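Reading through the structure tokens given below for one structure.
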Amino acid sequence: MFEKMNEEISKLGVIPVIVIEDAKNAVPLAEALEKAGLKCAEVTFRTDAAEESIRQISEHFPDMLVGAGTVLTKENVDKAVAAGAKFIVSPVFDPEIVDYCIEKNVPIYPGCATPSEIMQGIKRGLGIVKFFPAADLGGAVTIKAIASALRGVKFMPTGGINRDNMRDYLSMDCVAAIGGSWMCKSGFISNGEFDRIEKLTREALYSADKIREEKNS
Ligand code: 3PG
């Protein structure tokens, strides 16, 4: 299910998880990500500015894969989709939200922390699930152990991933993409440090490409 989006997310390899306090920063932020070569943004519903930020990014950057993160209710799903979100990410596996997205054909990446939750995703035909909070749950070693039992499903780990440990995750075939805020921390966004975001994002993409090249060689 959601093959096309899964493919795009896997191709990207890195999903920037964004906490944006003021929607006026949405366009400059998206511009920085795009200049760095990353046409993707997961804008989390952790602030009141999320919906408007998704709307602005979608309007100004129609090619950008803008998604909504930290989606905890069906109402969040509706708001996100109406604002232009192309995919939904949640920190939890809530069957009600997952089934709602499936019904509406909106790609959903629910947060799973246990093999049982991942199994619920597999049963619903999801090709990729979010593994959260990845580092606190044992990181890449845990994913490897789960993947050896639950074959076929791919993971989008987030939580505690950064440039120092991204290799552990991205060098595994079962990891579709990593997500994280290290290149676009909310403080950088609030301070208008868009050049810094661009530089860190470019570095992240460069490293991700290198890791994948090495993996496939
Ligand atoms: C998420 O919601 O995916 C995580 O909070 C991102 O985690 P990070 O800030 O540790 O990268």
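Quick look at the numbers
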| read-out | value |
| --- | --- |
| Unmet criterion (only one of (1) crowded, with 20+ Cβ neighbours inside 10 Å; (2) within 13 Å of the ligand (Cβ to nearest atom); (3) of a type outside the set (A, V, I, L, M); (4) not in a strand (DSSP E or B)) for GLU42 | (4) |
| Residue in the stretch 164-198 that is nearest to LEU137 (Cα to Cα), counting only those that are loosely packed, with under 15 Cβ neighbours inside 10 Å and of a type in the set (D, E, K, R) | ASP164 |
| Set SER217, SER171: member being in contact with an Asp or Glu (Cβ under 9 Å, 6 or more places away or on another chain) and not aliphatic (A, V, I, L, M) | SER171 |
| Residue satisfying condition, being under 20 Å from LEU170 (Cα atoms), in contact with a strand residue (DSSP E or B) (Cβ under 8 Å, 6 or more places away or on another chain), small (Gly, Ala, Ser) and more than 15 Å from the ligand (Cβ to nearest atom), within set GLY127, GLY84, GLY111, GLY121 | GLY127 |
| Residue, nearest to the ligand (Cβ to nearest atom), within the stretch 149-169, restricted to residues that are touching a residue at least 40 places away in the same chain (Cβ under 8 Å) and under 21 Å from PHE2 (Cβ atoms) | THR158 |
| Residues of the stretch 173-196 satisfying the condition of being within 17 Å of the chain's Cα centre (by Cα) and either within 16 Å of the ligand (Cβ to nearest atom) or over 23 Å from ARG124 (Cβ atoms) (or both) | VAL175, ALA176, ALA177, ILE178, GLY179, GLY180, SER181, TRP182, MET183, CYS184, LYS185, SER186 |
| Test: ALA32 is in contact (Cβ under 8 Å) with a residue 40 or more places away in the chain, part of a helix (DSSP H, G or I), surrounded by 20 or more Cβ atoms within 10 Å (Cβ to Cβ) and more than 12 Å from the chain's Cα centre (by Cα) | yes |
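Laboratory data are not the source of any read-out in this text; all were calculated from the coordinates shown. Small disclaimer: the values here were computed from a predicted structure and weren't measured. As a convention, Cβ positions derive from the backbone with ideal geometry for all residues, glycine included, and neighbour counts pool all protein chains shown.
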